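Data first, discussion second: the structure below is written as structure tokens.
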Amino acid sequence: MSEERSPQPQFRRVDEEHRPAIRFFINGKPSPALLGDTVLTSLLINGYKIRISEFGDGPRAGFCNMGACQDCWVTLEEGTRLRACSEFIRDGMRIIIE
């Protein structure tokens, strides 16, 4: 995963904006999310890439999006690894993107 942010986020929220706002951290930087978002959704809405396609030049937004592949692993600040597509974002969560 790359810390470089995309000029345009891969995801854009179009509904469910009524959910409570929370704050998490990407490499120590505060970032907004909504309660009930997955980690993957939260990263993509904030302009972070999950992977660069090995078959082209564009960013990828995960592969299976159901926790069956190895495409969206992320690391928490304390060292725990998790699948971003199936883990819900938590208030104060601290994600490291290498």
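Coordinate-derived values only; no laboratory data. Everything numeric in this text was worked out from a predicted model, so none of it was measured.
Miscellaneous remarks
- Applied to the range 82-98, the Karplus parametrisation 6.51 cos²θ - 1.76 cosθ + 1.60 on θ = phi - 60° returns per-residue 3J(HN,Hα) values of 8, 7, 5, 6, 10, 9, 7, 5, 10, 4, x, 4, 10, 9, 10, 10, 8 Hz, with x for Gly and Pro.
- Under a 5 Å amide H cut-off, with hydrogens placed 1.01 Å from N, I22 pairs with A33, L34, L35 among residues at least 5 apart or on other chains.
- Put simply, the amide H of T38, placed in the peptide plane, has neighbours under 5 Å in I89, leaving out anything fewer than 5 places away on its chain.
- Whole-Hz Karplus values for the range 13-28 come out as 6, 10, 7, 6, 6, 7, 5, x, 7, 10, 10, 10, 10, 10, 6, x Hz, taken residue by residue from phi with 6.51 cos²θ - 1.76 cosθ + 1.60 and θ = phi - 60°; glycine and proline positions read x.
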